Amino acid sequence: MLLVAVSVTAIVFGGVAPADAAPRVPVPGTPTHVTVAGTDDSATLSWRPPRHSGTITGWLVWVKPREHQPDRGITKLRATARSATFRDLHPGTTYTFGVRAKNARGTGHSTTGTYTPPAPQPVAQALYALDAANNVVRFPAQGAGTAEVVAPNGTGYVVDRRGNVFIPSADGTRITERSPKGTVRTVASGLHVTPDLRIDDAGTLYWTDSVSRAVTRLPVGARTATVVPDVGVPGLMWSVAPNGTVSTLRPAATVTTLFQRTVSGAVSIRNLTASGPFPSGRIDSFRSDALGNVYVHAWTVGAAGYSAWYVVPNGSDDATRIADRLAFEIGATTDDGFVLLESKQWCAYPADVPKPCAIDRSFSDEIVRSGTTTTTYTVSGITATDRGLNAGVTDDAGAVFASIPEGPTPGLWRIPAGGGQAQQLATAPYSRLSVN
């Protein structure tokens, strides 16, 4: 057998031998120096590039649990990004955040970090109101300092306990939130919002649907609104207590029905008697407290043409006047009751125009109803102007805030808890007062 020795030489196409070719770029390594920092409702994930990555073309960041997060909790970022912020987080929930690098070869493994938002810290209460230009303004609750504009176009606004202002859009299709830092975001869209938001202490928003007229709610962090069941269709006669109990009043020619539903779903339905402003009275305001008591302001038909505040205690079907005597009044609910300011005198006939009856309309008494206890204090410094609905608001300490539109003491006023001399906060009147 003939053996032939053959010399083998490598044949190279493309001009570069394999030993000299550039090494293939691997997928990126894991990002380094990953940290998470946050507040009670948001967190920011930060990182640095992997040590071995080639040219980064982008980042993939994610969060779990991903409820209330856009794009199912996954976000794509450009190559220059080094952080990502996640919002709508819930206090007490532990979140896991991850980041992965991308290059031409693919996506690397995630590096993760965790964060548990703490319970929100209470902020000092402040007084909010609408000025003549429809701006939401904020006054220090203790009366020291000047008003600050916190949001424009504030028709129907409410404020939560952290100072976030919620405003329905002019077309009623969405709700926006403006934080104390001035950032603005859309809370929810595709809605039928009437320009009269309400809010409870937990931060759940409520309104009546402009199409169905049903009371509708949007909990904190939710993006889909739901109807509050079992409370009927109230129109304007509805209220939300600080603890989230929804009350609605349905006046009728023969009977007025009160519906109440707690946050836990307990429902009560009562037919109210005619001993108070029902059914002949003209009801123009309806409020409630956390104990289940409801308060009604009504014009009562009669020779004196008076208007008054009534209370329907929890479990009762009878409305009674809060005060025994006739007076010009300012009324405001508290968490567990009601505060009523009364003038010294009352005109015994309704014909105040063109010549008002010559009486002393200055406020002199403050009736504080807390639970089943009623206490009377002396007040001074402000004067009533008309017989109609004069509603104020209270802070946690029990001070009353009210706006007097005209007369000898026009402007915005604060009446200290326990009575005393009224303090003027502004010389111009304001509307839609709220304290939070």
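The values are calculated or read from the model by the stated rules, or taken from the named source; none is laboratory data. Just so we're clear, the structure is a prediction, and the values are computed from it rather than from any experiment. A quick note on method: Cβ atoms are made from the backbone with ideal geometry, for glycine too, and the neighbour counts reach across all protein chains shown.
Observations
Yes/no per residue for (1) in contact with a Lys or Arg (Cβ under 9 Å, 6 or more places away or on another chain); (2) more than 26 Å from TYR349 (Cβ to Cβ):
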{"residue": "THR374", "(1), (2)": "no, yes"}
{"residue": "ALA397", "(1), (2)": "no, yes"}
{"residue": "VAL400", "(1), (2)": "yes, yes"}
{"residue": "GLY407", "(1), (2)": "yes, no"}
{"residue": "GLY411", "(1), (2)": "no, yes"}
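- Flag if VAL150 is out of contact with any Asp or Glu (no Cβ under 6 Å at 6 or more places or on another chain) and within 30 Å of VAL231 (Cα to Cα): no
- In the range 157-170, the residues that are surrounded by fewer than 24 Cβ atoms within 10 Å (Cβ to Cβ) and of a type in the set (Gly, Ala, Ser) form Cβ pairs under 7 Å with partners that are assigned to a strand (DSSP E or B) and at pLDDT 95 or above, at six or more places apart or across chains, as follows: SER169/THR176.
- From the list GLY392, GLY381, GLY371, the lone residue that is touching a residue at least 40 places away in the same chain (Cβ under 8 Å), more than 28 Å from ASN135 (Cβ to Cβ) and small (Gly, Ala, Ser) is GLY371.
- Looking across VAL339, VAL379, one residue alone is within 24 Å of SER239 (Cβ to Cβ), modelled with pLDDT of 95 or more and β-branched (Val, Ile, Thr). It is VAL339.
- Residue within the range 285-300 that is at pLDDT 85 or above, β-branched (Val, Ile, Thr) and within 30 Å of ARG87 (Cα to Cα) present: no
- Assessment of the range 164-175 against the conditions (of a type in the set (Val, Ile, Thr), more than 14 Å from ASN134 (Cα to Cα) and touching a Leu at 6+ places or on another chain (Cβ under 9 Å)) yields at least one matching residue.
- Which numbered condition LEU218 fails, given (1) in contact with a Leu (Cβ under 7 Å, 6 or more places away or on another chain); (2) within 20 Å of ASP318 (Cα to Cα): (2)
- Pairs with Cβ under 8 Å, 6+ apart, first in the range 409-421 and over 16 Å from GLY398 (Cβ atoms) and in contact (Cβ under 8 Å) with a residue 12 or more places away in the chain, second basic (Lys, Arg) and assigned to a loop (DSSP other than H, G, I, E, B): none
- Matching residues, the range 187-198, being out of contact with any Gly (no Cβ under 8 Å at 6 or more places or on another chain) and either among the aliphatic types (A, V, I, L, M) or outside any strand (DSSP E or B) (or both): VAL187, ALA188, GLY190
- Scan of the range 315-345 for residues that are within 19 Å of ILE283 (Cβ to Cβ) and either in contact with a helix residue (DSSP H, G or I) (Cβ under 6 Å, 6 or more places away or on another chain) or free of Cβ contacts under 8 Å to residues at least 60 places away in the same chain (or both), ordered by number: SER316, ASP317, ASP318, ALA319, THR320, ARG321, ILE322, ALA323, LEU326, PHE338, LEU340
- Number of residues in the range 171-196 that are touching a Phe, Trp or Tyr at 6+ places or on another chain (Cβ under 9 Å) and either touching a residue at least 60 places away in the same chain (Cβ under 8 Å) or among the β-branched types (Val, Ile, Thr) (or both) equals 5.
- Matching residues, the range 217-248, being surrounded by fewer than 16 Cβ atoms within 10 Å (Cβ to Cβ) and farther than 24 Å from GLU177 by Cβ: PRO229, ASP230, VAL233, GLY235, LEU236
- Residue count for the range 1-60 satisfying the condition of being assigned to a loop (DSSP other than H, G, I, E, B), on the phi < 0 side of the Ramachandran plot and either under 60 Å from the mean Cα position of the chain (by Cα) or at pLDDT 90 or above (or both): 21.
- Odd one out for LEU218 among (1) within 26 Å of GLU148 (Cα to Cα); (2) touching a strand residue (DSSP E or B) at 6+ places or on another chain (Cβ under 7 Å): (1)
- Residue identified as buried (at least 16 other Cβ atoms within 10 Å of the Cβ) and within 22 Å of THR262 (Cβ to Cβ) among ALA188, ALA214: ALA214
Residues checked against (1) out of contact with any Cys (no Cβ under 8 Å at 6 or more places or on another chain); (2) of a type outside the set (Ser, Thr, Tyr); (3) buried (at least 17 other Cβ atoms within 10 Å of the Cβ); (4) under 21 Å from VAL136 (Cα atoms):
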| position | (1), (2), (3), (4) |
| --- | --- |
| THR373 | yes, no, no, no |
| THR385 | yes, no, yes, no |
| ASP395 | yes, yes, yes, yes |
| PHE401 | yes, yes, yes, yes |
| THR427 | yes, no, no, yes |
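- Qualifying residues in the range 42-54 (those that are touching a strand residue (DSSP E or B) at 6+ places or on another chain (Cβ under 6 Å) and within 19 Å of VAL27 (Cα to Cα)) - the one surrounded by the fewest Cβ atoms within 10 Å (Cβ to Cβ): ARG48
- In the range 249-263, the qualifying residues are those that are of a type outside the set (A, V, I, L, M, F, W, C) and modelled with pLDDT of 90 or more, and the one that is surrounded by the most Cβ atoms within 10 Å (Cβ to Cβ) is GLN260.
- VAL227 falls short on exactly one of the conditions (1) within 30 Å of ALA252 (Cβ to Cβ); (2) in contact with a Pro (Cβ under 7 Å, 6 or more places away or on another chain); (3) not polar (S, T, N, Q), and that condition is (2).
- Meets criteria (basic (Lys, Arg) and over 21 Å from the mean Cα position of the chain (by Cα)) for ARG270: yes
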